[in-house]
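See structure below.
The values are calculated or read from the model by the stated rules, or taken from the named source; none is laboratory data. Note that the structure is a prediction, hence the values are computed from the model and not measured. Every residue, glycine as well, gets a Cβ built from its backbone with ideal geometry; the counts of neighbours run over all protein chains shown.
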Amino acid sequence: MSHTTLTLLQGTVDLLILRALQQGPAHGYAVSRWVRERTDGVLSMEDAALYQGLHRLEDKGWIASEWGLSENNRRAKYYELTTRGRRQLRSEVSVWKQYAEAVFKVLETA
């Protein structure tokens, strides 16, 4: 079965980043890899969208960052959820579940 890579809907990048970081601190590439693996390759983030999202979330205080060493012994910026970020994630998950349920209702055959 072939997979189609979907274009991310506006507003999903933040949610996906927050959800990926719920697993624990990670650098940008690890966040992107987690999303790709979790969705069986259906969703992937362009580098520009990913790093813009990471900076945007950091500016909002939803994530924090610090430099560390990656699994390849390379210097990498690691991001982690803040308390505000955990609250925001809960809120966004709730909204997206409501949205998805509404869309599925529209898509159901009569």
Can you find even one residue in region 76-94 that is of a type outside the set (Val, Ile, Thr) and in a loop (DSSP other than H, G, I, E, B)? no
Name every residue in region 1-59 that is in a loop (DSSP other than H, G, I, E, B), modelled with pLDDT of 95 or more and under 22 Å from SER94 (Cβ atoms), in order of residue number. GLN22
For region 8-21, how many residues are loosely packed, with under 13 Cβ neighbours inside 10 Å and either among the polar types (S, T, N, Q) or in contact with a helix residue (DSSP H, G or I) (Cβ under 6 Å, 6 or more places away or on another chain) (or both)? 1
When region 55-80 is examined, which residues are found to be surrounded by 14 or more Cβ atoms within 10 Å (Cβ to Cβ) and either closer than 23 Å to LEU8 by Cα or of a type outside the set (Gly, Ala, Ser) (or both)? ARG56, LEU57, GLU58, TRP62, ILE63, LYS77, TYR78, TYR79, GLU80
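Residues being within 12 Å of VAL13 (Cα to Cα) and surrounded by 12 or more Cβ atoms within 10 Å (Cβ to Cβ): count how many of those fall in region 38-54.
Adding up the residues that qualify gives 10.
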How many residues does region 60-75 hold that are in a helix (DSSP H, G or I) and among the hydroxyl-bearing types (Ser, Thr, Tyr)? 0
